[in-house]
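The values are calculated or read from the model by the stated rules, or taken from the named source; none is laboratory data. Since this is a predicted model, take the numbers as computed values, not measurements. All Cβ positions, even for glycine, are placed from backbone atoms using ideal geometry, and neighbour counts span all protein chains on display. Note: areas computed on protein heavy atoms with side chains; ligands, DNA, RNA excluded. Shrake-Rupley method; radii C 1.70, N 1.55, O 1.52, S 1.80 Å.
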Amino acid sequence: MKVGIVGCGGRMGRMLVREVIKNKNTSLIGGVERSGDVLIGKDIGLLVGNDKMDVKIGNDSDNLFKTADVIIDFTTAAASLLHVELAAKHNTSLILGTTGFEESQIQKIKDCATKAIIVHSANFSIGVNLLLGLTEKAASTLKSEYDIEVVEMHHRHKVDAPSGTALAIGEAAAKGRGIDLGKNSIRERNGITGPRKTKTIGFATLRGGAVVGEHTVMFVADGERFELTHKAIDRSIFAVGAVRAAIWTQNIKPGYYSMNNVLGFN
Ligand code: NAD
């Protein structure tokens with residue numbers, strides 16, 4: 001597949017360049033950066049410490065969308081809103097990893113997905129998406145005699161808690177149980193808390209060192225405890241998932257898809 005990467009000079013962009021070069025089912029035909037960026041004109045292979053590829057980083061996104069089978073986009077919300085229009089204009093598949101959209105902007109992405117395949121996910125890690133799918137399944141199988149607790153650990157620099165992924169795990173568990181997470185979550189415990197309320201989903205947060213991201217969901221009954229754990233080791237997992245999604249778009253009809261579709265959960 002002919003793959004183009006917009007924002008190829010970013011932290012995720014460089015990971016994506018490496019993964020697309022490495023994958024034998026994909027061929028990197030170009031990368032673009034925003035106008036005026038110092039990387040424009042540089043060789044994309046050399047950018048990531050690989051051999052020279054004779055593919056220069058450009059700034060003509062329209063042309064890249066025209067020539068590629070699929071574009072991978074981990075940039076900014078403002079840039080991605082232009083990219084979804086280009087995907088619709090050229091019927092080019094788009095793997096969209098950018099985060100930070102408002103609700104109305106997501107509607108615009110969905111509108112463009114009537115003309116092009118758009119796979120949109122805030123977390124392209126295959127393992128995390130598998131964890132979400134398995135959590136929903138476990139929560140529907142293990143009834144309310146199994147208390148649900150979500151534990152996460154991240155590096156000392158993380159400023160928010162619980163992590164977005166921990167909350168997504170909570171949402172998946174709540175969906176499996178058929179309950180509303182907002183009304184049934186316990187986000188912290190301190191002092192005399194009283195006994196645990198049944199049918200709630202508890203969260204606990206650990207912070208320290210350079211931990212990239214670890215999540216465990218527990219289903220705890222009187223006689224047994226069932227746990228699912230995911231440990232992220234580095235950010236390349238997002239690029240691996242995005243390239244898998246890119247390959248998945250072959251022979252699929254235009255539409256708005258998620259990693260659940262790519263992994264066969266829906
Ligand atoms: P970054 O700032 O390192 O990279 C963004 C790149 O996009 C920069 O190189 C920037 O110059 C480029 N860019 C901006 N506007 C552009 C335009 N109009 N045309 C071409 N290039 C343009 O950021 P990052 O850490 O790589 O993250 C990028 C996005 O991906 C963020 O929204 C982040 O939250 C998201 N992200 C998503 C996942 C996931 O799994 N979905 C994982 C990690 C990061």
- Message: So, in segment 11-38, how many residues would count as being surrounded by fewer than 19 Cβ atoms within 10 Å (Cβ to Cβ), outside any helix (DSSP H, G or I) and within 12 Å of the ligand (Cβ to nearest atom)?
- Response: 5
- Message: So, residue 134, is that one within 13 Å of the ligand (Cβ to nearest atom), in contact (Cβ under 8 Å) with a residue 12 or more places away in the chain and not in a loop (DSSP other than H, G, I, E, B) or not?
- Response: no
- Please find, within segment 127-140, the residue that is nearest to residue 177 (Cα to Cα) out of those that are within 13 Å of the chain's Cα centre (by Cα) and buried (at least 18 other Cβ atoms within 10 Å of the Cβ). 132
- Matching helices (runs of 4 or more DSSP H) fully within segment 43-129 where at least 2 residues are touching a Leu at 6+ places or on another chain (Cβ under 8 Å) and closer than 22 Å to residue 260 by Cα: 77-90, 103-112
- Test for residue 82: is it within 25 Å of residue 9 (Cβ to Cβ) and either open to solvent by less than 70 Å² (accessible area, probe 1.4 Å) or free of Cβ contacts under 8 Å to residues at least 12 places away in the same chain (or both): no
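Residues are listed down the side, and each one gets a yes or a no for (1) at pLDDT 95 or above; (2) closer than 20 Å to residue 32 by Cβ:
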{"residue": "73", "(1), (2)": "yes, yes"}
{"residue": "79", "(1), (2)": "yes, yes"}
{"residue": "83", "(1), (2)": "yes, yes"}
{"residue": "86", "(1), (2)": "yes, yes"}
{"residue": "91", "(1), (2)": "yes, yes"}
{"residue": "104", "(1), (2)": "no, no"}
{"residue": "111", "(1), (2)": "yes, no"}
{"residue": "114", "(1), (2)": "yes, no"}
{"residue": "119", "(1), (2)": "yes, yes"}
- Check whether at least one residue in segment 181-196 is among the hydroxyl-bearing types (Ser, Thr, Tyr), over 18 Å from the mean Cα position of the chain (by Cα) and open to solvent by 50 Å² or more (accessible area, probe 1.4 Å), and report yes or no. yes
